Amino acid sequence: QVQLVESGGGSVQAGGSLRLACTASGYRWCMGWFRQAPGKEREGVAAIDRFGSTMYADSVKGRFVISREDANYTMYLQMDNLKPEDTAMYFCALRLSSYCARPMQAVDYNHWGQGTQVTVSS
């Protein structure tokens, strides 16, 4: 059974930082972060394949860093210089492939976490 658990969300002022984490016990496939704000479509934020190759949405490049800690089967998203437009529910997702597809599409991911809220105030 695949189980993904996110953590690290919270409320922060613009310019602040948060670090999200997602653990998928025993799995080292492609993993990614999606986010969805009220009234908006779910969008891919960042992804990392099992070999450490990464991809980012243009809106977060230079501000977010995705990483993987294989020993703990954990993926992280370091979010710096947060902006109000980053406010959303963030979801961890697992794709049953060693590689992550480009571009990021929710339909390509097979398992999802429960989500963690990120709120950035101005």
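The numbers here are math on the coordinates, done by the rules we state, and not lab data. Bear in mind the structure is a predicted one, so any value in this text is a computation, not a measurement. Glycine gets a Cβ as well: all are built from the backbone with ideal geometry, and neighbour counts include every protein chain shown.
A few remarks follow.
- Averaging the Cα positions of each part gives two centres, and for the stretch 94-122 and the stretch 1-29 these lie 11 Å apart.
- Net length gained if the chain between TYR99 and SER7 were fully extended (0.36 nm per residue, minus Cα distance): 30.7 nm
- Annotation: amide H-H contacts under 5 Å for ARG63 (H modelled 1.01 Å from N, sequence separation of 5 or more, or interchain): none.
- Isolated cysteines of the chain, defined as having no other cysteine beta carbon under 4.7 Å away, do not occur.
- Cα-projected label distance for PHE51 with ASP70, points at 7 Å along beta-carbon direction, nm: 1.2
- Size-normalised alpha-carbon gyration radius of the stretch 1-115, reference 2.2 N^0.38 Å: 0.97
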